[in-house]
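Q: Take a look at this one; I'll ask things after.
The values are calculated or read from the model by the stated rules, or taken from the named source; none is laboratory data. Computed from a predicted structure; not experimentally measured. Positions of Cβ are backbone-derived with ideal geometry, glycine not excepted, and every protein chain shown enters the neighbour counts. For accessibility, only protein heavy atoms count, side chains too; no ligands or nucleic acids. Shrake-Rupley method; radii C 1.70, N 1.55, O 1.52, S 1.80 Å.
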Amino acid sequence: YRDHPLGFNHCFLEGMGDILKKYPKVRKVGIGLPGLISKDRSTTIEIPAIPALNGYDLKGNLKKLYPNISFFLENDAAAAAIGEYHFGKGDTPENFIFVTMGTGIGSALVMDGQIFKGSRGNAMEMGHMLSRGNEGLETLIGRNGILKFMERFRQAYPRLAGELENQELGTHLLVDTAKKGNEVSLMVFEEVGRILGEALVSTIRILDVNFVYFGVS
């Protein structure tokens, strides 16, 4: 879609039509987006992974093409959080922090059973919190940051690298070798855990929330 001559947005709108034809009973569509959305949840303000959506009236353009369908836009981490609240196993609390870890760091706050949006609609962007060396949390412990830790520790402790030596580094390799007790991989987990833990302690103290849920994106 990104390389299509008509651009991502045109292809997305058309692709939605194909999906709706395939599932004619659908009348409501929720769209999770990896970035900032207007408080009224109509316009995509900044979507780093899909710059074509920046400042785009996604909901309005979808409604023009498909007036009989209700569309709901939400930040992807917030969507995951409210999904956990309504459909998670067990008795999900009314108030909790939700953190997703994947390519980046996503987060949301469920307060009294609702997504806390903040004054402009995009509260709880923990990935942008400043951490060590005034680096953003996502820069430090998003996927690329984790791989940098792996490379740094592999070079610093070559005798402990084991299976990591001369391997192309990746997160699956990290997890697999850590399960086997690889000391460098375990050091990476410890460092990432410390950085994430420090950020969570600060967030918990500010928000006065006792529960933290994690998801994988």
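Q: Restricting attention to the stretch 134-153, and to residues there that are farther than 12 Å from Ile195 by Cβ and open to solvent by less than 70 Å² (accessible area, probe 1.4 Å), which single residue is nearest to the chain's Cα centre (by Cα)?
A: Leu147
Q: Starting from the stretch 191-217, take each residue that is within 20 Å of Gly83 (Cβ to Cβ) and touching a residue at least 40 places away in the same chain (Cβ under 8 Å) and list its partners that are of a type in the set (Phe, Trp, Tyr) and buried (at least 16 other Cβ atoms within 10 Å of the Cβ), counting only C-beta distances under 6 angstrom and pairs at least six apart or across chains.
A: Once the first residue is within 20 Å of Gly83 (Cβ to Cβ) and touching a residue at least 40 places away in the same chain (Cβ under 8 Å) and sits in the stretch 191-217, its partners that are of a type in the set (Phe, Trp, Tyr) and buried (at least 16 other Cβ atoms within 10 Å of the Cβ) give Phe211/Phe96; Tyr213/Phe96; Tyr213/Phe98.
Q: Check the stretch 81-97 and report whether any residue there is touching an Asp or Glu at 6+ places or on another chain (Cβ under 9 Å), in contact (Cβ under 8 Å) with a residue 12 or more places away in the chain and open to solvent by 70 Å² or more (accessible area, probe 1.4 Å).
A: yes
Q: Could you go through the stretch 120-133 and let me know if any residue there is assigned to a strand (DSSP E or B), surrounded by 14 or more Cβ atoms within 10 Å (Cβ to Cβ) and not acidic (Asp, Glu).
A: No: zero hits.
Q: Can I ask one more? Could you tell me whether Gly106 is in contact with a strand residue (DSSP E or B) (Cβ under 9 Å, 6 or more places away or on another chain) and either in a loop (DSSP other than H, G, I, E, B) or under 25 Å from Val175 (Cα atoms) (or both)?
A: So Gly106 fits the description; yes.
Q: Of the conditions (1) in contact (Cβ under 8 Å) with a residue 60 or more places away in the chain; (2) in contact with a helix residue (DSSP H, G or I) (Cβ under 9 Å, 6 or more places away or on another chain), Gly35 fails just one. Which one is it?
A: All conditions are met except number (1).
Q: Output yes when any residue across the stretch 156-168 is in contact (Cβ under 8 Å) with a residue 24 or more places away in the chain, surrounded by 12 or more Cβ atoms within 10 Å (Cβ to Cβ) and under 27 Å from the mean Cα position of the chain (by Cα), and no when none is.
A: Checked against the condition, which is being in contact (Cβ under 8 Å) with a residue 24 or more places away in the chain, surrounded by 12 or more Cβ atoms within 10 Å (Cβ to Cβ) and under 27 Å from the mean Cα position of the chain (by Cα), the stretch 156-168 yields no hits at all.
Q: So which residues in the stretch 203-217 are open to solvent by 100 Å² or more (accessible area, probe 1.4 Å) and part of a loop (DSSP other than H, G, I, E, B)?
A: Asp208, Asn210, Phe211
Q: Would you be able to say whether some residue in the stretch 185-201 is of a type in the set (Phe, Trp, Tyr), in contact with a strand residue (DSSP E or B) (Cβ under 7 Å, 6 or more places away or on another chain) and either modelled with pLDDT under 95 or open to solvent by 50 Å² or more (accessible area, probe 1.4 Å) (or both)?
A: no
Q: Right, here's the next one. Which one of the conditions (1) over 20 Å from the mean Cα position of the chain (by Cα); (2) assigned to a helix (DSSP H, G or I); (3) closer than 27 Å to Ala108 by Cβ; (4) not hydroxyl-bearing (Ser, Thr, Tyr) does Phe189 fail to meet, given that it meets all the rest?
A: Going through the list (1) over 20 Å from the mean Cα position of the chain (by Cα); (2) assigned to a helix (DSSP H, G or I); (3) closer than 27 Å to Ala108 by Cβ; (4) not hydroxyl-bearing (Ser, Thr, Tyr), Phe189 breaks only (1).
Q: Lys117 versus (1) open to solvent by 80 Å² or more (accessible area, probe 1.4 Å); (2) of a type in the set (Lys, Arg); (3) in a loop (DSSP other than H, G, I, E, B): which is the lone unmet condition?
A: Here Lys117 meets the rest and fails (1).
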